[in-house]
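Asks: Below you will find the structure I want to go over with you.
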Amino acid sequence: TQPTLTVDGVAYRRTEHGTAGYRSEGTTGLGATGRVEYADYEGPGGHALAFERFLDGRGAGSWEASLGERVPTGTLTIYPGGGA
């Protein structure tokens, strides 16, 4: 992954890149456990760019991209689920 990227005229700087293990529950379209590779970028004014790919047994997978902005603290209220 590149240390800086520009999307729609906004420059993003890579802040993190690595792999992690995951465990999933419910209907996710993924196996119960696996590995994911990710790269996170920050831009000005709270803009964010992220890439992730869920790795198969050969260590390959398709990259998915996300583009967004930080949600200010206190903007969302999260309620507990039903515990089902």
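The values are calculated or read from the model by the stated rules, or taken from the named source; none is laboratory data. Since we're looking at a predicted model, the values are computed, not measured. Backbone-built Cβ (ideal geometry, glycine too); neighbour counts: all protein chains shown. Calculation scope for accessible area: heavy atoms of the full protein, side chains included, ligands and nucleic acids excluded. Shrake-Rupley method; radii C 1.70, N 1.55, O 1.52, S 1.80 Å.
Asks: Which condition from (1) over 16 Å from Gly61 (Cα atoms); (2) within 15 Å of the chain's Cα centre (by Cα); (3) not acidic (Asp, Glu) is the one that Thr19 breaks?
Replies: The single condition Thr19 does not satisfy is (1).
Asks: Tell me, please, whether a residue that is surrounded by 12 or more Cβ atoms within 10 Å (Cβ to Cβ), part of a loop (DSSP other than H, G, I, E, B) and at pLDDT 95 or above can be found in the stretch 36-53.
Replies: So far as the stretch 36-53 goes, yes, one or more of its residues are surrounded by 12 or more Cβ atoms within 10 Å (Cβ to Cβ), part of a loop (DSSP other than H, G, I, E, B) and at pLDDT 95 or above.
Asks: Taking Gly57, is it in a loop (DSSP other than H, G, I, E, B), at pLDDT 90 or above and either loosely packed, with under 10 Cβ neighbours inside 10 Å or of a type in the set (Asp, Glu) (or both)?
Replies: On the way: in a loop (DSSP other than H, G, I, E, B): yes; at pLDDT 90 or above: no; either loosely packed, with under 10 Cβ neighbours inside 10 Å or of a type in the set (Asp, Glu) (or both): yes.
Against the criterion (in a loop (DSSP other than H, G, I, E, B), at pLDDT 90 or above and either loosely packed, with under 10 Cβ neighbours inside 10 Å or of a type in the set (Asp, Glu) (or both)), Gly57 does not qualify.
Asks: Given the structure, is Gly31 open to solvent by 70 Å² or more (accessible area, probe 1.4 Å), assigned to a loop (DSSP other than H, G, I, E, B), of a type outside the set (Val, Ile, Thr) and free of Cβ contacts under 8 Å to residues at least 24 places away in the same chain?
Replies: Details: open to solvent by 70 Å² or more (accessible area, probe 1.4 Å): no; assigned to a loop (DSSP other than H, G, I, E, B): yes; of a type outside the set (Val, Ile, Thr): yes; free of Cβ contacts under 8 Å to residues at least 24 places away in the same chain: yes.
Spelling it out, it is not the case that Gly31 is open to solvent by 70 Å² or more (accessible area, probe 1.4 Å), assigned to a loop (DSSP other than H, G, I, E, B), of a type outside the set (Val, Ile, Thr) and free of Cβ contacts under 8 Å to residues at least 24 places away in the same chain.
Asks: Being under 17 Å from Arg70 (Cβ atoms) and either open to solvent by 60 Å² or more (accessible area, probe 1.4 Å) or part of a loop (DSSP other than H, G, I, E, B) (or both) is the filter here; which residues of the stretch 12-28 pass it?
Replies: In the first step, residues of the stretch 12-28 are kept if they are under 17 Å from Arg70 (Cβ atoms); the result is 12-16.
Correct list: Arg13, Arg14, Thr15, Glu16.
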